[in-house]
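Engineer: Have a look at this one.
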Amino acid sequence: MKRREFIMLAGGAAASVPFAARAQQAPMPVIGFLSTRSARDLARLIAAFGKGLEEAGFSEGKNLSIDYRFADGRLDRLPELAADLVRRSVAVLVTTGGAPSAIAAKAATSTIPIVFVIGGDPVGLGLATSLSHPGGNVTGMTIIAADLAPKRLGLLRELVPNATAFAVLTNPNTPEGRVQSSDMRAVAQGMGLKLRIFEASDERGIESAFATLAQDKADALLVGSDPIFLVHREKLVALVAAAGIPAIYQYRDFTTVGGLISYDPDIADAYRQSGVYAGKILRGALPADLPIQQPTKFQLVINLRTAKALGIEIPPTLLARADDVIE
């Protein structure tokens, strides 16, 4: 090879090194986001999730990509949606909207890290070995929404002190719903209250439950913690209003659309924490070493407009404890 050809060849190879190096750089990490709910429902909470990611040093579109999958209340879609994200080889799977999405993700992969936001007991659900040391590839936040059902029944009794016949709406097809049914029966029996359980797992089931509820003449209603009820909250609140029954709900999302009263943990903070955890895992942390977080703040929200429409006077002691009053 002539000297000039060698120099040109060597120079060309050297010039190509930076381009080759750039081509070999690791691609932008992708988070798979799976929820039982809809994109419209989750706008506020996805923003909180993004805030948590930013706290961990990540920003969507800059150094991170997020692939969203929403079941829109159709829980039967979750296994395929989870499998689709696994096929994409996402770096982290974030599951929200209750235990069904977390269970579907865990069934789909034992290697990709999973960060959940659920309302039940992750140990009892088989998602973790303990809260402090989850083990395996799963960790996250439990907002213990299902466990708050007895507390909500107590608040409802305080709101309607003369009520004796209570109704509870639950979803028998979710772990949280099944736990709530058994817990509520035990609590009601301890309080000496008559309790009727109504079940619904989709929009048609909700309509059917209220058709029966209208004939049952319950004094008050507790709407259980379930993603299906959240997805159809506007219709559900309208059905409650048509029945003229005082009702308590699991999230403030219900009171902002006309529900009477709600008592819930700070779910936005749980989503923020899930973003922080996802960021930590992207930086090398193991899910097994990240303890499962529980809420420390709870909020009582009362809608005075709805109370007035129902002819209910909110007890001053209950009103004084409210974190937010909608007038």
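The values are calculated or read from the model by the stated rules, or taken from the named source; none is laboratory data. Everything numeric here is computed off the predicted structure, so don't read it as measured data. Neighbour counts are summed over all protein chains in view; Cβ atoms, including those assigned to glycine, are modelled from backbone coordinates with ideal geometry. All accessible areas refer to the heavy atoms of the entire protein, side chains included, with ligands and DNA or RNA removed. Shrake-Rupley method; radii C 1.70, N 1.55, O 1.52, S 1.80 Å.
Engineer: Does SER16 satisfy being out of contact with any Phe, Trp or Tyr (no Cβ under 8 Å at 6 or more places or on another chain), more than 16 Å from GLN273 (Cα to Cα), open to solvent by 30 Å² or more (accessible area, probe 1.4 Å) and modelled with pLDDT of 90 or more? Give the derivation first.
Structural biologist: Values: out of contact with any Phe, Trp or Tyr (no Cβ under 8 Å at 6 or more places or on another chain): yes; more than 16 Å from GLN273 (Cα to Cα): yes; open to solvent by 30 Å² or more (accessible area, probe 1.4 Å): yes; modelled with pLDDT of 90 or more: no.
The answer is no for SER16.
Engineer: In region 158-180, which residue that is in contact (Cβ under 8 Å) with a residue 40 or more places away in the chain and in a helix (DSSP H, G or I) is surrounded by the most Cβ atoms within 10 Å (Cβ to Cβ)?
Structural biologist: GLN180
Engineer: State all residues of region 99-116 that are open to solvent by less than 10 Å² (accessible area, probe 1.4 Å) and touching a residue at least 60 places away in the same chain (Cβ under 8 Å); if no residue qualifies, say none.
Structural biologist: ALA99, SER101, ALA105, ILE114, VAL115, PHE116
Engineer: Taking PRO291 as meeting all but one of (1) buried (at least 20 other Cβ atoms within 10 Å of the Cβ); (2) within 30 Å of GLY135 (Cβ to Cβ); (3) modelled with pLDDT of 95 or more, write down the number of the exception.
Structural biologist: Looking at each condition in turn, PRO291 falls short on (1).
Engineer: State which residue pairs qualify: first residue without any contact (Cβ under 8 Å) to a residue 60 or more places away in the chain and inside region 205-225, second residue surrounded by fewer than 19 Cβ atoms within 10 Å (Cβ to Cβ) and of a type in the set (Asp, Glu) in any location, beta carbons under 8 Å apart, and separation of 6 or more residues or different chains.
Structural biologist: As it stands, the answer is GLY205/GLU199; ALA209/GLU199, since those pairs meet every condition given.
Engineer: Same structure, new question: Determine, yes or no, whether GLY126 is farther than 16 Å from PRO295 by Cα, open to solvent by 10 Å² or more (accessible area, probe 1.4 Å), of a type outside the set (D, E, K, R) and not in a loop (DSSP other than H, G, I, E, B). Working first, answer last.
Structural biologist: Details: farther than 16 Å from PRO295 by Cα: yes; open to solvent by 10 Å² or more (accessible area, probe 1.4 Å): yes; of a type outside the set (D, E, K, R): yes; not in a loop (DSSP other than H, G, I, E, B): no.
So GLY126 does not fit the description; no.
Engineer: Also: Tally time: how many residues in region 249-287 are surrounded by fewer than 18 Cβ atoms within 10 Å (Cβ to Cβ), at pLDDT 95 or above and part of a helix (DSSP H, G or I)?
Structural biologist: Residues flagged as surrounded by fewer than 18 Cβ atoms within 10 Å (Cβ to Cβ), at pLDDT 95 or above and part of a helix (DSSP H, G or I) within region 249-287 amount to 0.
Engineer: Would you mind finding the one in THR296, THR306 that is at pLDDT below 95 and either more than 29 Å from GLU55 (Cβ to Cβ) or outside any strand (DSSP E or B) (or both)? It would help to see each step written out before you state the result.
Structural biologist: Working: THR306 fails: at pLDDT below 95.
None of the others qualify; the one that does is THR296.
Engineer: At pLDDT below 95, closer than 30 Å to PRO27 by Cα, assigned to a loop (DSSP other than H, G, I, E, B) and in contact with a helix residue (DSSP H, G or I) (Cβ under 8 Å, 6 or more places away or on another chain), is that true of GLY135? Let's see the steps before the verdict.
Structural biologist: Details: at pLDDT below 95: yes; closer than 30 Å to PRO27 by Cα: yes; assigned to a loop (DSSP other than H, G, I, E, B): yes; in contact with a helix residue (DSSP H, G or I) (Cβ under 8 Å, 6 or more places away or on another chain): yes.
So GLY135 fits the description; yes.
Engineer: Within the bounds of region 22-36, is there any residue that is in contact (Cβ under 8 Å) with a residue 40 or more places away in the chain and more than 21 Å from GLN293 (Cα to Cα)? Outline the logic, then answer.
Structural biologist: So the first thing to find is which residues in region 22-36 are in contact (Cβ under 8 Å) with a residue 40 or more places away in the chain, and the list is 29-36.
Add one more test, that the residue is more than 21 Å from GLN293 (Cα to Cα), and what stays is 29-30.
Yes, because at least one residue in region 22-36 is in contact (Cβ under 8 Å) with a residue 40 or more places away in the chain and more than 21 Å from GLN293 (Cα to Cα).
Engineer: Still on this structure, I have one more. Within region 40-62, identify whether any single residue is β-branched (Val, Ile, Thr) and not in a helix (DSSP H, G or I), and answer yes or no.
Structural biologist: No, the conditions are met nowhere in region 40-62.
Engineer: From the list PRO122, PRO100, PRO134, exactly one residue is at negative phi and in contact with a strand residue (DSSP E or B) (Cβ under 6 Å, 6 or more places away or on another chain). Which is it? Walk me through how you get there before you give the answer.
Structural biologist: On the way: PRO100 fails: in contact with a strand residue (DSSP E or B) (Cβ under 6 Å, 6 or more places away or on another chain); PRO134 fails: in contact with a strand residue (DSSP E or B) (Cβ under 6 Å, 6 or more places away or on another chain).
Only one candidate qualifies: PRO122.
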